[in-house]
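Peer 1: Here it is, the structure, as structure tokens.
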Amino acid sequence: MTAPDKPRLSIRIDLPGGGRFGPGKAALLDAIADLGSINKAAAQLGMSYPRAKKLVEAMNRDFGVPLVISAQGGADGGGSRLTDAADEIRGIYRELCNRTLAHNKELLRTFSKPDKRN
């Protein structure tokens, strides 16, 4: 992972029951939605398939509803798709991030140029 050229804000949600949802899991859901496969999503994100599968299982458990549904290979070739619940969570997470960034843009900028009066 390369360092950002300017300060960035990322949000992690600590869920009831101890689970977490943040930029990594959001990116995994986005990649699964785009590619239709946990395996392809994992490869695109530079993670192993077992790690991606474990994250999907954790999200399904943490939210109490399936976010990703997978079908085994066969005539249709298998694959994975997001549920409506996953699309809703992705939208809410994206909106939370956008609103937080918009509201705190000026404060975030101060991390680029800390006050040097000390």
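What follows is calculated from the coordinates using simple rules that are stated; it is not laboratory data. Source: prediction; values computed, not measured. Glycine also receives a Cβ, built like all others from the backbone with ideal geometry; neighbour counts cover every protein chain displayed.
Peer 1: Can you put M47, M59 in order, fewest other beta carbons within 10 Å first?
Peer 2: Placing the least packed residue first, the sequence is M47, M59.
Peer 1: Continuing with the same structure: Any idea how many Lys pairs in the chain come in under 13 angstrom at the alpha carbon, given 8 or more places apart or on separate chains?
Peer 2: Going through the chain pair by pair, I get 5.
Peer 1: Want the number for I69 to Y49: 0.36 nm per residue separation, take away the alpha-carbon distance, what's left?
Peer 2: 5.7 nm
Peer 1: Which number comes out as Rg/Rh for the chain once both Rg and the Kirkwood Rh are worked out on C-alpha atoms?
Peer 2: 1.08
Peer 1: Let me ask something else. Once you mark the trypsin sites (Lys or Arg not before Pro) that are in a DSSP loop and have at most 14 other Cβ atoms within 10 Å, what is the longest gap between them in the chain?
Peer 2: Value returned for the longest uninterrupted segment is 13-115.
Peer 1: Give the calculated FRET efficiency between A58 and A27 to the nearest 0.05, with a Förster radius of 22 Å applied to their Cβ-Cβ distance.
Peer 2: 0.90
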